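To start, the structure itself, in structure tokens.
No value in this document is a laboratory result; all are computed from the given coordinates. The structure presented is a predicted model; accordingly, all values stated were derived computationally and were not measured. All Cβ positions, even for glycine, are placed from backbone atoms using ideal geometry, and neighbour counts span all protein chains on display.
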Amino acid sequence: MSLPYFEAFGWNPWILTVETETIGGTKDPWLLRTVPETIPITQTPALPIKLTQRVGLGNIGWRCLPYFLQMGDRLIKEQKFDLIYFSTTVFLTMGLAARWRRRFGVPYVLDFQDPWRSNYYQNAPTTKRPGGRFKYGFAQTVAKTLEPRAMRQVSHVISVSAAYPQTLKQRYSWLRDDQFTVLPFGAPEADFEQLPTLGIKQRIFDPKDGKRHWVYVGRGGADMAFSLRSLFSTIRQERDRNPEVWKSIQLHFVGTSYATDDRAEKTIEPIAQELGISDLVREHTERIPYFEALQTLVDSDTIVLIGSDDPSYTASKLYPCILARKPILAIFHEASSVVSILRSTQAGQAVTFNAQTTCEQLQPAIAQALNTLIALPRSFQPATDWSAFAPYTAKEMTRQQCAIFDRCLLPTPVPS
């Protein structure tokens, strides 16, 4: 989302990534077309996933790491780079940052879209770990080793959540306040402008079948169970009161699992079945290509945003939902930035909770929001305050990124 704007703010990026054929999972041919043709792209191989899965290492980070290291060394030797910017959830690659700083003297910025080393499951010991207890434990052990090394010489840390910097500063005493900036993903206005020209047909539902399709696009997980139970139990009560209205409504949860094939586990439908509305809910665990996901939002009648019970969780998918210009219902922790952004832009309804809230306490607010949505005409578009939305655009976020990059090249102040 930033790539089209870097040059306007004085930076010329060079992308180091992995060959598309070796990544595995969902491919998105349209996404690559949005990268400006003037930007060089260097791709590395990765070990075949069929080979590494035999020893339980299907993660692209492990599979690409030796190639990434070798190619990174080569590029830095051959080219003049002012800065290395890691913006990825493949955290293992961030382990190379300190090496490149030490060997070549190039400063680096780390962009945390999610926590690398997480304390969430220590505080929720009965909750199932992503990937299983052993894999999750192994990943966190590696994070405990590599994260402090990456943090030792980092020039700046960008985070989508205000909670991550606080955790990192508590964990690593040498980090300063001025080394952190909270900066979420920018709103992809250019992608929505391009979307009608691509002729994309989403495969999730037929928008002309007469039903009202409510859509959630994003991951599932145990940390979202409270929001889902609150929503589904309220829907059951409302349907009991007015069954005819709910005959035309179908809820779709799309891309809820990071796993592929038969390893994907449903986390939404089991709750719907338990609460008696399984006929209204369809869960599509497979992640779909980015532009198809945008088209799914555009074709929907209502967009649902499900929040985590983790107060630091901030959904970067909020901005595409606003740009889709559809009614929005968000159920989020009151501390999440999603709530303040949604309310300041007047783009949708937010129902909030905290650690003490029960499902029963949340039901009246959700019921009111549901009835408001049902009463809206199908052609309804929110009266979004686009001036309030302007600070969240991709171009503005890129301007702030580049300002951070500029500061990283200034001499480091010597403590008095």
The range 189-390: translational diffusion in µm²/s, Stokes-Einstein, Kirkwood Rh over Cα pairs, 37 °C, 0.692 mPa s:
191
Can you list which of the trypsin sites (Lys or Arg not before Pro) found in the range 262-357 are DSSP loop residues with at most 10 other C-beta atoms within 10 Å?
none
Candidates Ile288, Ile15, Ile60, ranked by Gaussian network fluctuation over the chain, Cα under 10 Å, top entry:
Ile15
A correct fewest-to-most ranking of Tyr313, Tyr172 by other Cβ atoms within 10 Å would be Tyr172, Tyr313
Please work out how many pairs of lysine residues in the range 189-390 are eight or more positions apart (or on different chains) and have Cα atoms closer than 18 angstrom.
6
Go through the range 12-19 residue by residue and turn each phi into a ³J(HN,Hα) via Karplus (6.51, -1.76, 1.60, θ = phi - 60°); whole Hz please, and just put x for glycine and proline.
10, x, 10, 8, 10, 8, 10, 4
Efficiency by 1/(1 + (r/R0)^6): what FRET value for Gln368 and Gln43, r their Cβ-Cβ distance, R0 = 45 Å, to the nearest 0.05?
0.35
How many angstrom lie between the Cα centre of the range 292-360 and the Cα centre of the range 210-284?
15
Using the Karplus equation 6.51 cos²θ - 1.76 cosθ + 1.60 (θ = phi - 60°), what ³J(HN,Hα) coupling, rounded to whole Hz, does each residue of the range 63-68 give in order, writing x for Gly and Pro?
5, 9, 3, x, 6, 5
Can you list the residues, at least 5 places off or on another chain, whose amide H is less than 5 Å from the amide H of His333, using H built in the peptide plane?
Ser308, Phe353
Taking Leu409, Leu294, Leu16 and counting other beta carbon atoms within 10 angstrom, the fewest-first order is Leu409, Leu16, Leu294
Using Cβ counts within 10 Å as a stand-in for footprinting exposure, how do Ile76, Ile328 rank, fewest first?
Ile76, Ile328
Can you tell me, using C-alpha contacts under 8 Å and at least 6 residues apart, the relative contact order of the chain as a whole percent?
15
The chain - mean residue ellipticity at 222 nm from DSSP helices (-39,500 (n - 2.57) per run, n ≥ 4, rounded to 500)
-12000 deg cm²/dmol
Computed for the chain: size of charge dipole around the Cα centre, +1 on C-beta of each Lys and Arg, -1 on C-beta of each Asp and Glu, debye to nearest 20, value 1140
Report, by chain and number, residues whose modeled amide H sits under 5 Å from the one on His284, excluding near sequence neighbours (fewer than 5 apart, same chain).
Phe253, Val254, Gly255, Thr256
